[in-house]
Amino acid sequence: MKKLSVLVILMGLVMFVTGNAFAYNFYGTYVVGNDSAALLKTLTGDDTLVLLTKYDPPTSTPTPNPFTLTFDPGNTSGTVAVKSEGSGFKGYMAVKAAKGFNLYYFNGSEPIDTPYDWDTNGLNPDHSSPGVSHISFYSSTVPIPAAAWLLGSGLIGLIGARRKFWKKRA
């Protein structure tokens, strides 16, 4: 039993330490029209994307509200932070302006309440920064990997074998 506990603790430690250091990345500029879940699925190859929430700056506050957004006076740049109730957000943020959008990626390991910069650079043909139309957040559902199911069924088997062993001794 001691060996199993040590093994589980070591596995948890390895998973914690090997987390991705790049929590928030610029994904690209797309001058193709409106952002939509269907278009983002095509661009990213992630078929599990769904619209989580949408902000129409500078006054809207959607529900649920797991993000804190700031805007500069011209609505061309600002910051975004994941609040505590949105911790572990894995997905994309699309900043829509003019005839395109800038796409940003969250990998789920961003620190809570840490602001990250966003902007509308490159979305006009003259490469100026237009004002924001809206900001959308798309969530990526994360299926449980097969290894987790295998580990779980193995642990259940060990528990069953242990019980059988104790019943024989009694």
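Bear in mind these aren't lab numbers, they're just calculated from the coordinates by the rules spelled out. Everything numeric in this text was worked out from a predicted model, so none of it was measured. Please note: Cβ atoms are built from the backbone with ideal geometry, for glycine as well, and neighbour counts cover all protein chains shown.
Each peptide in 46-52, 101-107, 151-157 gets a packing score, the mean of other Cβ atoms within 10 Å over its residues, and the list from highest to lowest is 101-107, 46-52, 151-157. Put simply, the amide H of A97, placed in the peptide plane, has neighbours under 5 Å in N102, S133, leaving out anything fewer than 5 places away on its chain.
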